[in-house]
1. If I model a spin label as a point 7 Å beyond the Cα along the Cα-Cβ vector, how far apart are those points for LYS87 and TYR149 in nm?
2. Taking a 24 Å limit on the Cα-Cα distance, which of the listed pairs LYS142/LYS182; LYS58/LYS142; LYS14/LYS68; LYS142/LYS183; LYS87/LYS142 fall beyond it?
3. Working only with C-alpha atoms, what are the Rg and Dmax values of segment 1-94, expressed in angstrom?
4. Round to the nearest 0.05 the FRET efficiency obtained for ARG128 and GLU65 when R0 = 30 Å and r is the Cβ-Cβ distance.
5. Using 0.36 nm times the number of residues separating ARG75 and GLN50, minus their current alpha carbon distance, what extension gain do you get?
6. About its Cα centre, how strong a charge dipole does segment 1-94 have in debye, to the nearest 20, once Lys and Arg get +1 and Asp and Glu get -1 at the Cβ?
7. Quick one: length gained pulling LYS14 to THR168 fully straight, 0.36 nm per residue minus the C-alpha distance?
8. Provide the FRET efficiency to the nearest 0.05 for the LEU26-HIS186 pair, computing r from the beta carbons and using R0 = 35 Å.
Amino acid sequence: MKPVETRLARLARKGDQRAFAEIVDLYKDKLFHLAYRMTNNRQEAEDVVQETFLRVYKNLDRYDENQKFSTWIYRIATNLCIDRLRKRKAIYSLDAESSEHEGLDGYAMLPSDDRTPESELLLSETQRLIHEAISTLPVKYKSVMILRYLQDLSLQEISDVLEMPVTTVKTRVHRGREFLRKKLEHKL
C-alpha cells in the first residue's frame, strides 16, 4: 500500500485540486518551519513555501512514486532556501538581529506545567542564543543541522533530500555540532 502522499500526488497529477490542497495542508507548516529556520526571515520563508508548492505542482509528473514524497518536497524547499542564502550572502550580516523583533515561535519549546517566569526567561534566552548560533553556520552545515535537529529527519533522509552520501551528511552534522559548541561554549 502506497503512503497517502503518493496517492494524493497521483490524484493531483490527474488534475484533482482537492488532492493537491491536501498535500499543501500536510506540508505547509513543516516547510515554513524549515524555511524560517534556514532564512531567519518570515517573509522569505513564506515565499519559499509558496515557490515550493508551485514547483511541486508544475513538476508532479517528475515525482518518482518509488521515493518518499516527503524527501522530494523537502529537497525542493531546501534547495530554494540555499539559493536564497547564496543570493543574499553579499549583504547578509552575521550580526543582524532581525529575528529578535519577531518574538518567539514557541513551537520548539516543550510544554511543561511547572514553568515559572524565571525558567521561561532562561529557556527563551537559551533558544535565542542557539538560534543565533545556527544562523551563523555556513550554508552547508546549516541545512544539515536544521534538517537533522529541527525537522527530525534521519541521516538517510537528509542524504536523500540533499542528494549527498550519508557519510558526508554525518561529517557535516559532526562539524556543525563542533561549530555550535565552539560558538556557544562561553555563552551557555
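1. 2.8 nm
2. Values: LYS142/LYS182 15 Å; LYS58/LYS142 28 Å; LYS14/LYS68 19 Å; LYS142/LYS183 14 Å; LYS87/LYS142 16 Å.
The answer is LYS58/LYS142.
3. Rg and Dmax of segment 1-94, Cα atoms, are 14.2, 48 Å.
4. 0.10
5. Details: separation 25, 0.36 × 25 = 9.00 nm, distance 1.45 nm.
Full extension from ARG75 to GLN50 adds 7.6 nm.
6. Numbers: 20 positive and 13 negative charges, 51 e Å.
Roughly 240 debye for segment 1-94.
7. Details: separation 154, 0.36 × 154 = 55.44 nm, distance 3.76 nm.
Gain on extension, LYS14 to THR168, equals 51.7 nm.
8. Values: r = 41 Å, r/R0 = 1.19.
After rounding to 0.05, the efficiency reads 0.25.
Every number in this text was worked out from the coordinates using simple rules, so none of it is lab data. Predicted model, so just to flag it, every value in this text is computed and none were measured. For neighbour counting, all protein chains shown are included, and Cβ atoms are generated from backbone atoms with ideal geometry for every residue, glycine included.
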